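First the structure, in the form of structure tokens, and then the observations on it.
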Amino acid sequence: MRIRTLLASLIAVGLLASPALAAGAPHGRGPKAQAAMLGETAGSSNHPVQVLNQICDNPNTRRGCVPIKANLQRAFERAIDAPITWVGHRRDHAGQFWVLGSVKFHGTQVTTMVAWRDPGTFGCFGWTRLSWQRHHGAWSVYQGISAEGCSATL
């Protein structure tokens, strides 16, 4: 009997929590939703960051880059807490450098990617790619992968 009560309680809590989670999740395909997804992919920073003023098909190699639209840029600034400096190229000693990837919609799935590099010649670098799926109009992450490396000095 206790197991059934516990199971019913867990299901009830899950059902009550889902509208709250959906309310904070990105909705639609517009700049606000794309910025929220890119912000989640980028993570957070306690320090100022510099962000490339272009959006790239491949942020690792900076291929297929086009200027970022002003509405997406403003939405991204609202989506993360870190102070942003928009730059045309990476500046050493100016904070972590982020390159945003194109938000790729595939029906009810989306892929987002952000590459980053720490300041300085021998700084660490990496990228994160998240896959999103839509449930009841809200986007949620269902899988992701990340890589990080640091230059070795002798």
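The values are calculated or read from the model by the stated rules, or taken from the named source; none is laboratory data. Only a predicted model underlies this, so the values are computations on that prediction, with no experimental measurement involved. Cβ: placed from backbone, ideal geometry, glycine included. Neighbour counts: every protein chain shown. These area figures cover heavy atoms from the full protein model, side chains too; ligands, DNA and RNA do not enter into them. Shrake-Rupley method; radii C 1.70, N 1.55, O 1.52, S 1.80 Å.
Are any residues in the stretch 32-50 within 13 Å of the chain's Cα centre (by Cα) and surrounded by 15 or more Cβ atoms within 10 Å (Cβ to Cβ), and if so, which ones?
Going residue by residue through the stretch 32-50, those that are within 13 Å of the chain's Cα centre (by Cα) are 32-45.
Residues satisfying the conditions are Lys32, Ala33, Gln34, Ala35, Ala36, Met37, Leu38, Gly39, Glu40, Thr41, Ala42, Ser45.
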>> Filter the stretch 59-83 down to the residues that are farther than 19 Å from Thr111 by Cβ and assigned to a strand (DSSP E or B) and list them by number.
In response: Pro67
>> For the stretch 48-92, give me each residue that is within 23 Å of Gly149 (Cα to Cα) and among the small types (Gly, Ala, Ser).
In response: Ala82
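In the stretch 124-154, how many residues are touching a Pro at 6+ places or on another chain (Cβ under 9 Å) and hydroxyl-bearing (Ser, Thr, Tyr)?
Of the residues in the stretch 124-154, 1 are touching a Pro at 6+ places or on another chain (Cβ under 9 Å) and hydroxyl-bearing (Ser, Thr, Tyr).
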> Filtering the stretch 86-98 down to residues that are farther than 14 Å from Ser44 by Cα and either aromatic (Phe, Trp, Tyr) or open to solvent by less than 40 Å² (accessible area, probe 1.4 Å) (or both), which residue is farthest from the chain's Cα centre (by Cα)?
Replying inline: Val87
> For the stretch 101-154, which residues satisfy the criterion of being surrounded by 15 or more Cβ atoms within 10 Å (Cβ to Cβ), more than 15 Å from the chain's Cα centre (by Cα) and either at pLDDT 95 or above or of a type in the set (A, V, I, L, M, F, W, C) (or both)?
Replying inline: Phe125, Ala138
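Can you say whether Arg74 is open to solvent by 70 Å² or more (accessible area, probe 1.4 Å), among the charged types (D, E, K, R) and out of contact with any helix residue (DSSP H, G or I) (no Cβ under 9 Å at 6 or more places or on another chain), as far as the supplied structure shows?
On the way: open to solvent by 70 Å² or more (accessible area, probe 1.4 Å): yes; among the charged types (D, E, K, R): yes; out of contact with any helix residue (DSSP H, G or I) (no Cβ under 9 Å at 6 or more places or on another chain): no.
Against the criterion (open to solvent by 70 Å² or more (accessible area, probe 1.4 Å), among the charged types (D, E, K, R) and out of contact with any helix residue (DSSP H, G or I) (no Cβ under 9 Å at 6 or more places or on another chain)), Arg74 does not qualify.
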